[in-house]
Amino acid sequence: MNRAFVRDLVFSDTAARQRLEAIVHPLIRTEAQAQIAQYKTAPYIVVVVPLLAEKGGWQDLAEGIIVVDCPPAMQIERVKTRNGWTNKQIRAVLQAQAPRKERLQIATWVLSNDGTIESLFAQTDALHLKLLEEASK
């Protein structure tokens, strides 16, 4: 699959993106539910859902939502560095995503990713301990 072609298509054509999502999202949800069922005895399970705020429909599977957040300018710079995308490509993807404020509003916990990787790991470790404590109650 030519990922660059598909990305450019779905982020320039709303109807194409909606068709792709209508095909892929139900399959992803079914697979996620099957994988979640395998770990019923785990103290907690983390399911990564990139479009949670935009599409919803996952909250019934979750007792809480973790949002990893950073300022928009930092997000844009990281995408440029990581993917080598143009500003136009980045804007197209960001316009298809929920605004930062909306993502933060649905969060049960927020991990701030605007510092060092060590800072993010420390926050993740602290949240892990908190979730283990809550699961043991």
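The values are calculated or read from the model by the stated rules, or taken from the named source; none is laboratory data. From a predicted model like this one, the values you see are computed outputs, not experimental measurements. Methodologically, a virtual Cβ is constructed for each residue, glycine included, from the backbone with ideal geometry; neighbour enumeration extends over all protein chains shown.
Quick look at the values:
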quantity: Tyr44, sole failed condition from (1) free of Cβ contacts under 8 Å to residues at least 60 places away in the same chain; (2) closer than 24 Å to Asp125 by Cβ; calculated: (1)
quantity: Check on Ala98, assigned to a loop (DSSP other than H, G, I, E, B) and within 26 Å of Gly56 (Cα to Cα); calculated: yes
quantity: Ser112 being within 18 Å of the chain's Cα centre (by Cα) and at pLDDT 95 or above; calculated: yes
quantity: Restricting the stretch 19-65 to residues that are of a type in the set (D, E, K, R) and outside any helix (DSSP H, G or I), the residue that is surrounded by the most Cβ atoms within 10 Å (Cβ to Cβ); calculated: Glu63
quantity: Tally of residues being exposed (fewer than 14 other Cβ atoms within 10 Å of the Cβ), in contact (Cβ under 8 Å) with a residue 24 or more places away in the chain and assigned to a helix (DSSP H, G or I) across the stretch 107-133; calculated: 1
